[in-house]
1. Which one of these does Phe9 not meet: (1) assigned to a helix (DSSP H, G or I); (2) modelled with pLDDT of 95 or more; (3) out of contact with any Asp or Glu (no Cβ under 6 Å at 6 or more places or on another chain)?
2. Mind listing whichever residues of the stretch 231-281 are aliphatic (A, V, I, L, M) and within 16 Å of ligand 2 (Cβ to nearest atom)?
3. Can you pull out every residue in the stretch 391-450 that is among the aliphatic types (A, V, I, L, M), within 30 Å of Asn364 (Cα to Cα) and in contact (Cβ under 8 Å) with a residue 24 or more places away in the chain?
4. Where in the stretch 297-371 are there strands (runs of 3 or more DSSP E), lying wholly inside it, with at least 1 residues that are within 24 Å of Phe20 (Cβ to Cβ)?
5. For the structure I just gave you, tell me whether Lys103 is touching a helix residue (DSSP H, G or I) at 6+ places or on another chain (Cβ under 7 Å), touching a residue at least 60 places away in the same chain (Cβ under 8 Å), more than 13 Å from ligand 1 (Cβ to nearest atom) and closer than 22 Å to Lys372 by Cβ.
6. Here's a check for you: in the stretch 262-274, which residue that is without any contact (Cβ under 8 Å) to a residue 40 or more places away in the chain and within 21 Å of Glu328 (Cβ to Cβ) is farthest from the chain's Cα centre (by Cα)?
7. Within the stretch 75-84, does at least one residue satisfy the condition of being of a type in the set (D, E, K, R) and over 12 Å from the mean Cα position of the chain (by Cα)?
8. From the set of residues in the stretch 123-165 that are touching an Asp or Glu at 6+ places or on another chain (Cβ under 8 Å) and within 15 Å of ligand 2 (Cβ to nearest atom), which is farthest from Ala376 (Cα to Cα)?
Amino acid sequence: MAHSDILAFVKQRNPHEPEFLQAAEEVIDSVLPVIDKNPEYRKLKLLERMLEPERLISFRVTWLDDKGEVQVNKGFRVQMNSAIGPYKGGLRFHPSVNQSVLKFLAFEQIFKNALTGIPMGGGKGGSDFDPKGKSENEIMKFCQAFMGELARHIGHRLDVPAGDIGVGGREIGYLFGAYKKIRNEFTGVLTGKGIGWGGSLIRPEATGYGLIYFAENMLQNKGDSLKGKTCLVSGSGNVSQYAIEKIIQMGGKVVTASDSNGFIHDEAGFTTEKLAFLMDLKNNRRGRIKDYADKYKCTYKEVDPKADHNPLWSIKADCAFPCATQNEVNGKDASNLVKNGVKVLGEGANMPTTIEGINILIDNGVMYSPGKASNAGGVATSGLEMTQNFMGSNWTREEVDGKLRGIMKSIHDTALAAAKEYGKPGNYMVGANIAGFVKVANAMKAQGVI
Ligand code: NDP
Ligand code: 2IT
């Protein structure tokens with residue numbers, strides 16, 4: 001099929017899935033020249049096959065809240081592609097979760113996982129369950145009910161979930177406990193486990209650290225570095241917290257963080273002490289980012305999600321790291337970043353920039369890294385956790401961090417080389433899509449028409 005035909009085919013089959021279509025369009029655009037050069041890829045319909053989940057599991061989750069009332073949620077696992085390894089990808093608990101969101105995430109995960117160099121296929125899952133305002137008991141009850149069904153579809157050599165929005169160490173603990181009880185086996189079926197029961201050092205830090213290693217690689221490629229750079233970070237969860245930590249360690253200054261209500265602008269910049277306050281606020285007290293502004297007497301602005309731009313991205317800075325959620329940087333935001341002279345935009349979240357926004361950044365010479373390249377440190381370290389589980393032993397912090405740095409450098413170099421080969425030098429988006437696609441396409445080709 002021609003490019004427009006593949007896109008039309010996908011649109012016609014998935015008419016009510018805007019997020020999935022957005023992720024699909026970006027990849028289709030990037031890999032078309034590869035398909036043109038390799039007629040066999042076209043004949044075998046490899047891209048068309050990648051765009052259809054191998055298996056999509058949808059289930060009911062029923063649980064009792066603290067008042068004894070019955071609650072009903074949706075549960076999903078999208079097993080997108082297993083050509084290069086067992087399905088691998090996170091679980092998201094957020095009221096916005098639906099089939100379109102999880103299919104976009106599972107689709108991106110195929111290419112991201114291929115880029116890590118570790119044999120992992122692509123998957124994603126989750127629920128429309130909202131953890132906000134729930135008691136510890138309710139979180140545990142929900143996780144147990146969710147795993148009650150999910151357990152029959154996953155396994156350490158079949159499908160290995162992990163965390164994502166709304167699923168952190170606490171939830172992985174409850175999910176793991178439930179799996180172990182149901183299946184009567186102790187295996188590395190989930191990653192992001194606690195240290196002491198199969199977890200890997202550096203996994204909590206890995207996505208944020210990896211994002212900043214990637215940004216440093218992009219800057220170094222231009223003879224520059226993060227030292228002295230003013231940085232915008234959005235979100236205040238797992239990815240944001242460790243991105244902030246690593247930027248501080250590398251001599252940069254972080255002046256923003258946000259949550260779904262608004263953002264703080266701290267012109268003096270984050271210090272380790274302020275970051276410790278944020279971590280305690282978000283991870284233990286489960287409070288709002290506004291408390292940070294109250295404590296440190298800095299600016300706080302509420303954000304209207306329906307507004308045509310987010311004022312966080314209008315603050316003058318050198319680098320921007322969206323680490324909250326999809327489509328948080330639109331065309332107008334991208335123009336504001338360009339106007340203020342931003343040099344780097346590194347995606348910590350998955351698909352945080354709209355297609356219009358990406359085009360504006362790239363056309364204006366901003367070094368732009370797509371999430372599937374620059375946030376791959378999380379899943380890569382999950383892969384390292386799986387390897388340690390299979391070996392039955394653990395690496396030190398330094399060993400895991402060293403491997404993470406090496407993987408991020410390799411993804412950077414691979415994306416850059418593929419972009420150059422296909423006549424788009426410096427375009428990390430095209431390079432990452434092509435390099436990921438070729439690896440998975442070749443594996444599918446070798447394994448026949450299945
Ligand atoms: P967390 O749940 O730890 O944090 C999410 C943050 O984003 C919170 O600050 C949250 O605010 C904010 N947020 C979530 N949804 C929205 C929304 N609809 N509008 C505005 N703000 C929102 O998640 P993570 O840090 O783990 O994940 C953040 C992003 O990084 C996601 O896109 C995820 O897919 C991606 N990612 C995560 C990886 C990981 O290892 N955890 C790996 C690779 C990518 P609030 O507290 O108000 O909800
Ligand atoms: O989007 C992602 O890569 C993740 N949420 C992490 C997945 C994983 O399996 O560690």
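1. (2)
2. Listed by number, the residues that qualify are Val239, Ala243.
3. Ile407, Met408, Ile411, Ala415, Leu416, Met429, Val430, Ala432, Ile434, Ala435, Val438, listed by residue number.
4. 344-346, 367-369
5. The answer is yes for Lys103.
6. Ranking the candidates gives Asp266 first.
7. Yes.
8. Gly126
The values are calculated or read from the model by the stated rules, or taken from the named source; none is laboratory data. Since the model is a prediction, treat every value here as computed from it, not as a measurement. A quick note on method: Cβ atoms are made from the backbone with ideal geometry, for glycine too, and the neighbour counts reach across all protein chains shown.
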